[in-house]
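Asker: Sharing a structure, written as structure tokens. Questions coming.
The values are calculated or read from the model by the stated rules, or taken from the named source; none is laboratory data. All values derive from a computational prediction rather than experimental measurement. Note that each Cβ is placed from the backbone with ideal geometry, even for glycine, and that neighbours are counted across all protein chains shown. SASA here: full protein model, heavy atoms, side chains in, ligands and nucleic acids out. Shrake-Rupley method; radii C 1.70, N 1.55, O 1.52, S 1.80 Å.
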Amino acid sequence: VQLQASGGGLVQAGGSLRLSCAASGSPVNIDAIGWYRQAPGRQRELVAAIGNYADSVKGRFFLARDNAKNTVYLQMNSLKPEDTAVYYCNDALGTQFTWGQGTLVTVSS
């Protein structure tokens, strides 16, 4: 299974971005795919999966799935500078797949 995250970029504080995670290869349960992020100097953390959200993003980030496209989205609104990180997608329920390169989100103040 390959998970390709895309959609990152530079955005001003208060702006929005939508990240995409496209799954390919072997069949995958995209309902189990979550979004993680790793900020510089910090550990990777789970921010959204299976309808659950980290407190730091609750009410601002939203998951969506397109089963026909085998794609999971992360809609990020009201972005803050502290949301700056590399965002990754991976299985959040069972055994994780090989981590991809992620997509960089930079929020300027």
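Asker: Towards the positive end of the charge dipole of the chain, with charges on Cβ (+1 Lys, Arg; -1 Asp, Glu), say which of Ser26, Gly14, Ala92 has the farthest Cα.
Answerer: Gly14
Asker: Give, in nm to one decimal, the length gained when the segment between Glu82 and Thr98 is fully stretched (0.36 nm per residue of separation minus the Cα-Cα distance). All intermediate terms of the calculation are to be shown ahead of the outcome.
Answerer: Numbers: separation 16, 0.36 × 16 = 5.76 nm, distance 2.61 nm.
Length gained between Glu82 and Thr98: 3.2 nm.
Asker: Of Arg44, Arg18, which has the most accessible area with a 1.4 Å probe, and how do the rest follow in descending order? Walk me through the numbers before you get to the answer.
Answerer: Details: Arg44 85, Arg18 130 Å².
Output order, biggest surface exposure first: Arg18, Arg44.
Asker: If I compute solvent accessible area with a 1.4 Å probe over the protein chains, what percent of it on segment 47-90 is carbon and sulfur? Let's see the in-between values first.
Answerer: Details: 960 of 1990 Å².
For segment 47-90, the apolar C and S fraction of the accessible surface comes to 48 percent.
Asker: Note down the relative contact order for segment 6-95 as a percent, whole number, built from C-alpha pairs under 8 angstrom at least six residues apart. Present the calculation step by step, with values, prior to reporting the outcome.
Answerer: On the way: 157 pairs, mean separation 34.4, N = 90.
About 38 percent, as a whole number.
Asker: What whole-number value in Å² describes the accessible area per residue of segment 5-90 for a 1.4 Å probe? It would help to have the intermediate numbers written out before the result.
Answerer: Numbers: 4290 Å² over 86 residues.
Each residue of segment 5-90 exposes 50 Å² on average to a 1.4 Å probe.
Asker: Right, another one. Taking the Cα atoms of the chain, what is the range of coordinates along each of the three principal axes, in descending order and whole Å?
Answerer: For the chain, the Cα extents along the three principal axes come out at 41, 27, 23 Å.
Asker: How would Ile30, Ile50 line up by accessible area, probe 1.4 Å, largest first?
Answerer: Result of the area sort, largest leading: Ile50, Ile30.
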